[in-house]
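Undergrad: What follows is a structure written as structure tokens; I'll ask about it next.
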Amino acid sequence: MPFGHDMVHSLATAVDLVNTSPATGGEDGLSDLEQLGEFVERWEVSGVGELGAADLNQVRALRDAFHKVFTAPDQATAVIRLNTLLSGTRITPRLTEHDGHPLHVHYFAPGAALSEHLSADLGVALAHLLVEGEWERLRTCSAPGCERVFVDESRNRSRVYCDSRTCGNRMHVAAYRARRRA
């Protein structure tokens, strides 16, 4: 399935959001408002006002909900989890151009809280992925000790590591060393 710019961006934002969770094997990447602000800036989330403690708590809860979608045991469960997430979101599709980006669709309602904004935009991207029958592209890293999630964008759906430079390289080096010892 070819991924358009908007979908790639939304899926990558969802992956990064989930991977800020301690549940993926690292430290909490959203431990305070400063980190939440950095996340918003890194992913160019538009239309966000001043962030508060409520935003941080809501985005953390949203992160956990998206994690459950990524780690669903099957597509039917992923659909149920994603529908539950989307049911609490006011979705108001509208075409927009901003910050030098070409015309694209935003799904969040004007004035929505950050968590609702992310629920709508990222949830719709995941919904499109599921509708296209591409649920198996939502993956968890195969490297021992790594629980990070990713979207396999490879043509043949063969990607197994969250990052080829870290986990992939580590596993390939370990396999090479094991072969050399044998």
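Undergrad: Calculate how steeply helix 114-131 sits against the longest principal axis of the alpha-carbon atoms of the chain, using the helix alpha-carbon long axis, and give the answer as 0 to 90 degrees to the nearest 10.
TA: That helix lies at roughly 60 degrees to the long axis.
Undergrad: Please determine, in degrees from 0 to 90 and to the nearest 10, the orientation of helix 5-18 with respect to the longest principal axis defined by the Cα atoms of the chain, where the helix direction is its Cα long axis.
TA: Tilt relative to the chain: about 70 degrees.
Undergrad: Please give the peptides 93-99, 129-135 ranked by average Cβ packing (other Cβ atoms within 10 Å per residue), highest first, as a rough proxy for protection. Can you show the working numbers first?
TA: Details: 93-99: 9.7, 129-135: 15.7.
Put in order of decreasing packing, that is 129-135, 93-99.
Undergrad: Give, as a single signed number, the net charge of other residues whose beta carbon lies under 14 Å from the beta carbon of His106, with Lys and Arg counted +1 and Asp and Glu -1. It would help to have the intermediate numbers written out before the result.
TA: Details: positive: Arg90, Arg94; negative: Asp6, Glu44, Glu97, Asp99, Glu116, Asp121.
Local charge sum for His106: -4.
Undergrad: Go ahead and run the numbers for FRET between Asp64 and Arg179, Cβ-Cβ distance against an R0 of 45 Å, rounding to 0.05. Write down the numbers at each step before the final one.
TA: Details: r = 40 Å, r/R0 = 0.89.
Computed FRET efficiency for Asp64 and Arg179: 0.65.
Undergrad: Enter the angle in degrees (range 0 to 90, nearest 10) between the Cα long axis of helix 169-181 and the first principal axis of the Cα atoms of the chain, meaning the one along which they spread out most.
TA: 10
Undergrad: So how many Å³ per residue does the convex hull of the Cα atoms of the chain work out to?
TA: Numbers: hull volume 24.1 nm³, N = 182.
It is 133 Å³ per residue.
Undergrad: While we're looking at this one, here's another question. What does the charge count near Glu153 come to, summing +1 for each Lys or Arg and -1 for each Asp or Glu among other residues with Cβ under 15 Å from its Cβ?
TA: Details: positive: Arg137, Arg139, Arg155, Arg157, Arg159; negative: Asp6, Asp16, Glu132, Glu134, Glu136, Asp152, Asp163.
Here the charged neighbours net out to -2.
Undergrad: How many Å² of accessible area per residue for the chain, probe 1.4 Å? List each step's numbers first, then the result.
TA: Numbers: 9930 Å² over 182 residues.
Spelled out: the 1.4 Å probe surface of the chain, per residue, equals 55 Å².
The values are calculated or read from the model by the stated rules, or taken from the named source; none is laboratory data. Here the structure is a predicted model, which means the values were calculated and not measured. Heads up, the Cβs are rebuilt from the backbone with ideal geometry, glycines too, and the neighbour counts pull from every protein chain shown. With ligands, DNA and RNA removed, areas are computed over all heavy atoms of the protein, side chains included. Shrake-Rupley method; radii C 1.70, N 1.55, O 1.52, S 1.80 Å.
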